[in-house]
Amino acid sequence: MSRAGRRGPSPGVARLRRQHRRQAFRAVLPSAFGTGSWGLVTGIAMIQSGLTLPQALGMSLLVYSGTTQLAAMPLMAAGASQAMIALTAILTGLRFIVYSASVSRDIGRLPLRKRLLWGYLMSDSGMALYQMRRARETPPQRISLYMGYNLPVWFAWHLGSLAGIGLAAALPPDPRYAWLGILAMLVITVPMISSRPAIGAAAASAFVAVIGWHWPWRLGMFLAIVAGVAAALAIERFAGRPDPGVQPR
């Protein structure tokens, strides 16, 4: 390694990285309340589903996906097999494969330990904003930009989740708390549906999710994701030009 490499980035590069992180933080801040609310409801649901405090904390930190956690907890409470729970978790997390592929050119050159860390920090709202920025331009120092979008989401989620876990003991069991999670998700997702492909993806996913609600093996949720991706790609292709508001799913 050269002497310059050991000294770290130049002042100009360091300044650009800080600028990207500040820009990303300001962009993701409006959705932080919704993310924290979603984490709050998930934390409450974990405790009320019968998980112990260490189990809830471990699930929040390791799984880091409200959709996966809320899909798996009813199966755990009902005594479903580990294979069924694992399959449900895999199906609800398939979108992160698409997310990872979409940023492979940006973070693929990093060492494995950093790729694993950035992959763990990946979030829905952070990735949506990052991809919208990437669709408009190819900014330098994209790693700092990626971190600036996703790291605040991680903090907001876990602050909400820890608060929910702490509050759960003071709340009576009530399935109606699940509606708080739906409202929190609407706060996060509705502002992102601002382009034709996004609208088409939301409509197709919602339609398949509704008709497939009672399908076995959570196939309705899986096919809803597939339908949303297919609809967005089809609309973008037939439109004849990229839409700057497209958010890869």
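Read the figures in this text as sums done on the coordinates, not as results from a lab. Because the structure is a prediction, the values reported are computed rather than measured. Positions of Cβ are generated from backbone atoms using ideal geometry, with glycine treated the same way; all protein chains shown enter the neighbour counts.
Under 1.5 on a/c is rounded, so check that first for region 5-155, then, if it is not, pick prolate when a/b is larger than b/c and oblate when it is not; a ≥ b ≥ c are the square roots of the alpha carbon gyration tensor eigenvalues.
Since a/c reaches 1.5 and a/b is larger than b/c, the shape of region 5-155 is classed as prolate.
If you plug each phi of region 143-160 into the Karplus form 6.51 cos²θ - 1.76 cosθ + 1.60 with θ = phi - 60°, what whole-Hz ³J(HN,Hα) values come out, in order, with x for Gly and Pro?
Per residue, the Karplus-derived 3J(HN,Hα) values read 5, 5, 5, 4, 5, x, 7, 9, 5, x, 5, 4, 5, 4, 4, 6, 4, x Hz.
Treat each spin label as a single point 7 Å out from the Cα along the C-beta direction, and report the Met84 to Leu233 distance in nm.
3.2 nm
Taking 0.36 nm per residue of separation and subtracting the Cα-Cα distance, what length does fully extending Arg26 through Leu62 add?
Separation in residues times 0.36 nm, less the Cα-Cα distance, equals 10.3 nm.
Specify whether the C-alpha gyration tensor of region 18-102 places it in the rounded, prolate or oblate class, a ≥ b ≥ c being the square roots of the eigenvalues: rounded for a/c under 1.5, otherwise prolate if a/b is larger than b/c and oblate if not.
Oblate is the answer for region 18-102, as a/c is 1.5 or above yet b/c matches or exceeds a/b.
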